[in-house]
Amino acid sequence: MPNNDASPSPPPPADVAQALVPAVSRLVSTPVSGRDTVSKAGVGKSADAAGKSACATCSARDFLRAKTERRKLSMVTCYDYTFARLLSKSAIDGILVGDSAAMVMHGHASTLSASVEVMRLHTEAVVRGAAGKFVVADMPFLSFRKGLAAGLDAAHVLMTAGANAVKLEGVDGHEDVIQRLVQSGIPVMGHLGMQPQSVHAYGGFRVQGRDDDSARETARQAMALEELGAFAIVLECVPADLARQITEPLRIPTIGIGAGAGCDGQILVLQDLLGMNTDFRPKFARPFLDGARCVLDAVAQFDEAVKAGTFPATEESYS
Ligand code: KIV
């Protein structure tokens, strides 16, 4: 996600670690409830990907196992069928149909424009392509804040669209929704630190957890999510030291984005990873490809070939 705060971060307060000490989760001995790998297991899973992934066909339980076994988890966002098909051949452990779709795919200034219907359409497209992959769908802005029934309805739409789990931001005030989803067999991924749906409260996409109160709050909420039965937590844009201090005592994995190397896994927006955005690049979004250049070069070659009359060739034409 965009991050327009570049100031250096002081270390987290010393008592954050202490605040986490009582982090005792029933998840320790009790497996996370939720769907296992039944729905998509084995469907079109490529052998090479299965060999390299932390788990053959990941589920919420595998995320917990990876933490126990100290295996790093990798996730990327995806919003469409074509990229989902490609990702199904990769070793990535999970795909997030993020509400960042509102920005990345629809050009909005924030994620607030993502509706349940928009998320359903993107989730269905990804699930069609992402055979064998663990797909998490984002619950969009306010969909889990309008009461228990509305929250369950929103999750119902996303799970019946084919998601294996849902993700939602924050915890305070919607504990009941999280708990009921978990009790209903829906794996829930939390999202703490910078929560893009709160961009207006922050006054921009800003690093969170830099002051003592905010750091302590983030740590407390992480513990609360674990207690409520979440199977993982995305930690977005928090100081690396704080992310590490939150991660260590938790039984559930943290998946970082702009949260340093101390998390149990990492997630990036696919278009950032592919270097598609030349205008804006937050410091954590390492491009693993100069995708914008690749696309522009290919389009330029097409344009030149058309205009030079060398495309299409005879063998590219029907007789
Ligand atoms: O919507 C999204 O893409 C996300 C990731 C940044 C974690 O929530």
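Points 7 angstrom from Cα along the Cβ direction at Thr278 and Thr310: gap in nanometres?
Placing both labels 7 Å beyond Cα along the Cβ direction yields 2.2 nm.
Post the alpha-carbon centroid distance, region 273-292 to region 182-206, in whole angstrom.
Answer, in whole Å: 23.
List the residues whose amide H sits under 5 Å from the amide H of Phe205, counting only those 5 or more places along or on another chain, with H placed 1.01 Å from N in the peptide plane.
Placed amide hydrogens put Asn4 under 5 Å from Phe205.
What is the distance in Å between the Cα centres of region 211-244 and region 98-165?
23
Note down the magnitude of the dipole of region 224-278 about its Cα centre, charges +1 on Lys and Arg C-beta and -1 on Asp and Glu C-beta and zero elsewhere, to the nearest 20 debye.
With only Lys, Arg, Asp and Glu charged at Cβ, the dipole is about 80 debye.
Please report, in debye to the nearest 20, how large the charge dipole of region 191-260 is about its Cα centre when each Lys and Arg carries +1 at its beta carbon and each Asp and Glu carries -1 there.
120
Once the Cβ-Cβ distance between Lys89 and Thr68 is put in as r, and R0 is 30 Å, what FRET efficiency do you end up with, to the nearest 0.05?
For Lys89 and Thr68, the calculated efficiency is 0.65.
For Glu304, Glu227, Glu236, what ranking results if the residue with the fewest other Cβ atoms within 10 Å of its Cβ goes first?
Result, fewest neighbours first: Glu304, Glu227, Glu236.
Show me the chymotrypsin sites (Phe, Trp or Tyr not before Pro) within region 229-314 that DSSP assigns to loop and that have at most 15 other Cβ atoms within 10 Å of their Cβ.
Filter output for region 229-314: Phe280, Phe288.
Search the structure for amide H atoms under 5 Å from the amide H of Cys237, placed 1.01 Å from N in the peptide plane, and list their residues when 5 or more places away or on another chain.
So Cys237 has HN proximity to Met194, Ile257, Gly258, Ala259.
Readers should treat all values here as calculations from the given coordinates under stated rules, not as data from a laboratory. Computed from a predicted structure; not experimentally measured. Cβ: placed from backbone, ideal geometry, glycine included. Neighbour counts: every protein chain shown.
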